[in-house]
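Scroll down for the structure; my scribbles are underneath it.
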Amino acid sequence: MKKINKENLPIIITSILFTLVFAGMIVNLAWFVKNDSYDAINSIYNPRDEILAQQNVRGSIVTEQGDVLAYTEVQGDNERRVYPYSVQFAHVVGYSTNGGMGVEKVANMSLLQSNASISDKVDNDLNDSKDTGDTVVTSLNVRMQEVAFKSLGAFQGAIIVTEVETGKILAMVSKPDFDPNTIAGEWEDIINNSDSSVLLNRVTHGQYPPGSTFKIVDALEYYRQFPDEVDNYYYQCNGSLRYDERKITCYHGSSHGGVDMARSFAKSCNCSFVNIGLKLDRALMSETLKDLLFGEELPAPFQSSNRSVINISGDTDDAEMVQISIGQGTALMTPLHLNMITCAIANEGKVMTPQVISRIESTSGNVVKEYDPKVYTTMMTEEEAAYLTELMTGVVENGTGDFLTSADYTSAGKTGSAEYGTAKGDSHAWFTGFAPAEDPKVCVTIIVEGAGTGGDYAVPIAKRLFDVYFEQYMQSE
Amino acid sequence: MASFISEISNYAFVVIMAVYVATNMIVFFFKNPEKHKHFYMLQTLLAIAFHAVGYITLFVRAEDVRYFFFFAFQEIILFALILVFRTLYRSVSRLMLNNVLMLLFVGFIILGRLAFENAVRQFVITIVAFAVSMIIPWIMKHTKLLKKMGYVYCALGIVALGAVWLTGEITNGSKLAFKIEGMSFQPSEFVKIVIVFFIAALLTNKKDPFRYVSSGLFSVVHVLILVLSRDLGGAGIYCMIYLFMLYIANRNAITLFVGAVGGAGAFYLALQVFDHVKIRVQNWLHPWTDMSNTGYQITQSLFAIGTGGWEGMGLFQGNPKTIPYVNEDFVFSAIAEEFGVMFSILLIMLYLVTVLHMFRMSARVKEFFHKLILSGLAVSLGTQVILTIGGGTRFIPLTGVTLPLISMGGSSLTATLLMFGVVQGIYINEFAYYEDGYDEEELEEDEFDDEDEYEDEYDVAEEEPEESNESSFAENVISEEPEDTADVSNDEFGLQELEAYLAQNNVTVECSTVESEEILNTDISERTVSGEFVDEDDYIEDYLEDELKNIPPDYISGGVNRKEDDLDEEDK
């Protein structure tokens, strides 16, 4: 056996230590390039897009069904970005000029990088033409987007449709809109017009009072704080209630009479929920709100979104609590956030990361990167989700969402009519819900600005969307 | 068509570098790396090919004929210098020379891609520094004082660092450099070598009972000045140099443990006291939260690496100029972007294998002073590479040091070349006999070449009782006592004892040349000064074993015959 010189043992150990650190450095670098760098370089702070644009033609944006949402037309030295569906996908697909928006912005580097085969690249080199950038495959569905777009009609508002089990976004509509084909030319007008909010994606950035949809949170919190009393809850509704100087009324002042929890929720009884809200421990409630991602950054598919705002702490006084418990006052939510909470209820408490990009392919169809669905966080327990599902099913069966009872599938949801402005009666129509109720597949969240009640204006849109979803996705199975 | 050339040449870079690193690794497993000339020839050719591919690509892409002439000019001047170097010393470490050359070429290409003028400037500095470093082996051979000047190095280092701290120019919050006649001079780069000599000289001198205390104390003074000048990378490198040199000298694993605990404590303290340290650590943990401000440097570096990907964008196809300090601290990110991460990993491996070769040389040299210097320089080089590449790839927080031999920067480049001058000096003084005039084949076949065989054959009592680490530690502590070394340092025993031993074992040494006598004499005295051996008999035997191995067979008459004699006797 070869004997190690004692004098050199420390040198050997030192060499081994250095080798280990160097190996760690190599592994770290390889790990970054293999797993993290692809998404990391997609940043407005990475100035390499211009250089890539000189080398490659921007790739296309398509749906999983193969419909092309955006492509680049090359005529000689001129390149023109074409959006065949024009205004319909305005916010979600976005535009590549003027700082970018939507998929065009988040997948900017993917669209500009080319993973074409070597032989294609050689051919292009010899023909002195550019390589074609990679194709971004989105989870969007042209038919669902069209129905959602047309359903909003002339109203302003937002619609988001997601797949419960994967978090894939099937449709995302925001109105008012713009035409991405001509956005560069109209840019100055849009920017200079401070009243215009066409560039705002209301799904991710619109902050609305949640109105009665917030009763989902109240119910969850009541279930958490008083698990034994939930079944025995009883309240006598007289149509209105006075707190200090303020008068709280149920919708149209209608009196619901004696209500239990399920009926309070189904009928969206304001008085009953003010009663519930005042019973809640506010410090505990702020914990629940944190679980539900209020005030937190959301994993928005476009890297940024507005946070939902709500201020509840141990110090919140009763007057404020009265307002918050019916989703008025200082409470503000984005439709994306409400959609995520609804998805969590539909998915046994776990919310998936909402995603619009399914995968990146090279021009020849080889998958460059696959975006697998992943759980973002757990908002509530399975029992809590089941309880809320039960309440929300009641809304459809014998409550404010009974427009959906005529459908040949079951569904669950919550309506809302969020008052805004000073004039009495001006309200946004909300609906958030999922179908089928017993095995949720699809989740929709709708807000129609200034339309009126959720039951009258938002629920019919939800029905249309559910119908299309089952027509599109279920019959093929 | 042009972009195609960039992409093709990237494949060529990877292939050449892979073969180059492979030859380096193969050489590492050879018993006597000095002997494998054909490998070094191959390496030199690979380096030239690499350089050629790089500059042809630059020439084609930039459509600038200056690149072509500059390439030819570089090759001629560099190889003329190497020729002079090898004529002066006859045997140099060609492995180290090749590795230095390869790294310089990587630097010339990437700097030339960033700006032609940078590469020219780098080349001029290289030539001057290379020429100066050629004197170092001569100085080391002819100056016996080097290891006795411990406190001179110390004073030199502290004065140089202190002067910068007091009067230096402030750049980016740090005081790192003097400006003399428009040239920036950064002493901490040079003091790196000086402190290695300082620590080595002190720890070699076993007669000095305060050597551990004073080497530690003055190293801390160096580090403190650097911390006050806010040169955290430099401070880190100095700490590592001291820690590992101390460990190699006292052979006590507790040193590393104490060092690790102390390092963690110092890091924690720095985190509390210095805001800039806190910001660096925060950006290391969460680089994407502040991309426009404090996280700008690291995110730009990661964008470059990520956009380049495995294969790289190709020369002139990336956008490395957006990375801050791309010529200096972040040159690795530019390499990763344009040459690709595959190449970058090979580059890291080349640095690693160079460091390991230095450690290996350190293990093989006989003089303790040389051993410590080589290890210290290897630690310095290795740590610097870890700090700069690790910082730029978010392996560790950013510290802002240069990539040795590649980054632009006169002081860094000059200091690194001087460092390799020292490595060559030690090599020339320690291993020269392998190549110097003896037939390689003969040496290789000779039984004296193999340590184990030799021990078995002659029953040299090198075997020591089996010892655990703890007991060897105890022994080391004893051996450090000055009274033990006192009799070892007695000059009286030595030649006489040696002759007696040789006579006893029927070996005669013919001191046929003056040179061999010199070797014997000087080595004995040096050996006694280093005072490694407690037991006199052990000492002599160990010494003889070493010496006999090193005396070329020509000098030992009867050596080969003796084996036959012994056998004859046994037969009878």
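So here's what we get for this one:
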read-out: Residues within segment A:24-41 that are of a type in the set (S, T, N, Q) and either buried (at least 20 other Cβ atoms within 10 Å of the Cβ) or at the interface with chain B (Cβ under 9 Å from one of its Cβ atoms) (or both), tallied; value: 2
read-out: Cβ-Cβ under 7 Å pairs, at least 6 apart or on other chains, segment B:343-365 side at the interface with chain A (Cβ under 7 Å from one of its Cβ atoms) and within 21 Å of B:Lys31 (Cβ to Cβ), far side among the β-branched types (Val, Ile, Thr) and buried (at least 23 other Cβ atoms within 10 Å of the Cβ); value: B:Phe359/A:Ile11; B:Phe359/A:Thr14; B:Ser362/A:Ile11; B:Ala363/A:Ile11
read-out: Failed condition for B:Ile5, given (1) more than 14 Å from every other protein chain (Cβ to nearest Cβ); (2) closer than 25 Å to B:Phe69 by Cα; (3) touching a residue at least 24 places away in the same chain (Cβ under 8 Å); value: (1)
read-out: Top-ranked residue in segment A:430-457 [being at pLDDT below 90 and outside any loop (DSSP other than H, G, I, E, B); ranked as surrounded by the fewest Cβ atoms within 10 Å (Cβ to Cβ)]; value: A:Asp456
read-out: Count - residues of segment B:372-402 that are at the interface with another protein chain (Cβ under 8 Å from one of its Cβ atoms) and either part of a loop (DSSP other than H, G, I, E, B) or of a type in the set (S, T, N, Q) (or both); value: 4
read-out: Scan of segment A:118-153 for residues that are in a helix (DSSP H, G or I) and within 30 Å of A:Val173 (Cα to Cα), ordered by number; value: A:Val142, A:Arg143, A:Met144, A:Gln145, A:Glu146, A:Val147, A:Ala148, A:Phe149, A:Lys150, A:Ser151, A:Leu152
read-out: Flag if B:Lys192 is more than 14 Å from chain A (Cβ to nearest Cβ) and free of Cβ contacts under 8 Å to residues at least 40 places away in the same chain; value: no
read-out: Qualifying strands (runs of 3 or more DSSP E) (wholly inside segment A:301-388; at least 3 residues being modelled with pLDDT of 85 or more, buried (at least 16 other Cβ atoms within 10 Å of the Cβ) and under 16 Å from the mean Cα position of the chain (by Cα)); value: A:350-352
read-out: Flag if B:Tyr153 is assigned to a helix (DSSP H, G or I), within 15 Å of B:Ala415 (Cβ to Cβ) and touching a Phe, Trp or Tyr at 6+ places or on another chain (Cβ under 6 Å); value: yes
read-out: Residue that is farthest from the other protein chains (Cβ to nearest Cβ), among those in segment A:121-137 that are crowded, with 16+ Cβ neighbours inside 10 Å and farther than 15 Å from A:Gln75 by Cα; value: A:Val137
read-out: Leading residue by the ranking (farthest from the other protein chains (Cβ to nearest Cβ)) among those in segment A:72-102 that are modelled with pLDDT of 85 or more and under 15 Å from A:Pro301 (Cβ atoms); value: A:Phe89
read-out: Some residue of segment B:403-411 being assigned to a helix (DSSP H, G or I), touching a helix residue (DSSP H, G or I) at 6+ places or on another chain (Cβ under 8 Å), crowded, with 24+ Cβ neighbours inside 10 Å and more than 10 Å from chain A (Cβ to nearest Cβ); value: no
read-out: Some residue of segment B:157-175 being more than 20 Å from B:Asp231 (Cβ to Cβ) and in the same structural domain as B:Ile76 (by TED's automatic domain parsing); value: no
read-out: So A:Gly59, is it surrounded by fewer than 21 Cβ atoms within 10 Å (Cβ to Cβ), modelled with pLDDT of 85 or more and farther than 21 Å from A:Leu199 by Cα; value: no
read-out: Any hit, segment B:156-170, residues being under 29 Å from B:Gly54 (Cα atoms), modelled with pLDDT of 90 or more and surrounded by 17 or more Cβ atoms within 10 Å (Cβ to Cβ); value: no
read-out: Residues being farther than 15 Å from A:Ser37 by Cβ and either more than 10 Å from chain A (Cβ to nearest Cβ) or part of a loop (DSSP other than H, G, I, E, B) (or both) - total across segment B:292-318; value: 9
read-out: Residue count, segment A:1-16 (criterion: facing another protein chain (nearest Cβ under 8 Å) and in a helix (DSSP H, G or I)); value: 10
read-out: Test: residue in segment B:43-56 that is assigned by TED's automatic domain parsing to the domain that holds B:Tyr11, at positive phi and not aromatic (Phe, Trp, Tyr); value: no
read-out: Total residues in segment A:103-117, condition within 9 Å of chain B (Cβ to nearest Cβ) and in a helix (DSSP H, G or I); value: 1
read-out: Any chance B:Val100 is out of contact with any Pro (no Cβ under 8 Å at 6 or more places or on another chain), assigned by TED's automatic domain parsing to the domain that holds B:Ala62, crowded, with 23+ Cβ neighbours inside 10 Å and part of a helix (DSSP H, G or I); value: yes
read-out: Unique match (being at negative phi, at pLDDT below 90 and among the aliphatic types (A, V, I, L, M)) among A:Ala40, A:Ala23; value: A:Ala40
read-out: Selected residue (only one of B:Tyr242, B:Tyr238 is within 14 Å of another protein chain (Cβ to nearest Cβ) and touching a residue at least 40 places away in the same chain (Cβ under 8 Å)); value: B:Tyr242
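The values are calculated or read from the model by the stated rules, or taken from the named source; none is laboratory data. Just so it is clear, the model here is predicted, and its values are computed rather than measured. Cβ: placed from backbone, ideal geometry, glycine included. Neighbour counts: every protein chain shown.
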